[in-house]
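What follows is a single structure, written as structure tokens, with notes after it.
The values are calculated or read from the model by the stated rules, or taken from the named source; none is laboratory data. From a predicted model like this one, the values you see are computed outputs, not experimental measurements. Counting neighbours? That spans all protein chains shown, and the Cβs are built from the backbone with ideal geometry, glycine included.
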Amino acid sequence: MTTNFKSGFIAIIGRPNVGKSTFMNKVIGQKIAIMSDKPQTTRNKIQGVLTQKDAQMVFIDTPGIHKPKHRLGDFMVRIAENTLNEVDAILFMIDAKEGYGKGDQYILDRLNQVKRPVYLIINKIDLIHPDDLFPLIEQYRVKYNFEEIIPISALKGNNVEPLLDVLKGHLPEGPRYYPEDQVTDHPERFIISELIREKVLQLTKEEIPHSVTVLIENIETRESNAIFIQATIITERKTQKGILIGRQGSMLKNIGKSARKDIEALLGTKVYLELWVKVKKDWRNRQSQLKEYGYRDDDY
């Protein structure tokens, strides 16, 4: 460690679907947060660790702040808002194409209660004309005293490195919190369940909303170091179960095939994946089942 080694925790907040997980994965260099074109994809806060020779930045990808419609939604918003008081800096990310909305004002009102430096990150600049960027900057500049306003494209990587340099320059001197080769604080079981859930969101489109969660029932290493994983997809209604299974099991097979590729990339070995589907009626509003499925307030 150099004498001027810097470290700190950085929260990424914003409305749903502004590209927080895409940014996290780009910075870390591999997929640790799932991505979907549907809002509210992230449910727990996910920490990604970027270690450089002179700094370690721990990014916290939070659930999108939104008006909750069920207990799971309440949990997601609490996680996002509680994170703001635990970090060294906050990245408030917006979608350049969507522009300012009521959801942004809701977040800005909460940021006014937080004594942390806030950076406005205008994401998806590759989707707008350059002439539209300056008016957007001015619109937000008058609403909050941002530390800096930085336009980026998380998907393309535009301006991401300069953003990291800015953050590093403002972080305090501190220790290396995680080993050099560690990229997340979440166990493999969590990431595997998230990768399976991502494929459900991607492959079922609008037919299955966010009424699913994934439980990893068993992971074990067998012959030739192959890893066998058994997982259950939980949904709320029998009709949703039918869609998830598909005709002659076709949908479930596609979900498993697609998820297995990402899991093999994550683990670096051959994976056998068995999936089941179970119905747990109204699980998103049942406190006991939320805790059973890993959504625990006392963890945060």
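Data table
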quantity	calculated
Residue match in region 164-179 (condition: basic (Lys, Arg) and closer than 29 Å to Arg110 by Cβ)	yes
Matching residues in region 150-159 - criterion: being buried (at least 17 other Cβ atoms within 10 Å of the Cβ) and outside any loop (DSSP other than H, G, I, E, B)	Ile150, Pro151, Ser153
Residue list for region 103-124, restricted to those being surrounded by 14 or more Cβ atoms within 10 Å (Cβ to Cβ) and within 12 Å of Ala89 (Cα to Cα)	Leu111, Val114, Arg116, Pro117, Val118, Tyr119, Leu120
Residues (more than 20 Å from Gln30 (Cα to Cα), more than 22 Å from the chain's Cα centre (by Cα) and of a type outside the set (A, V, I, L, M, F, W, C)) located in region 252-276	Lys253, Asn254, Tyr272, Glu274
Test for Ala154: is it touching a Ser or Thr at 6+ places or on another chain (Cβ under 7 Å), of a type in the set (Gly, Ala, Ser) and assigned by TED's automatic domain parsing to the domain that holds Val58	yes
Residue match in region 125-146 (condition: under 24 Å from Lys6 (Cβ atoms) and either surrounded by 13 or more Cβ atoms within 10 Å (Cβ to Cβ) or touching a Pro at 6+ places or on another chain (Cβ under 7 Å) (or both))	yes
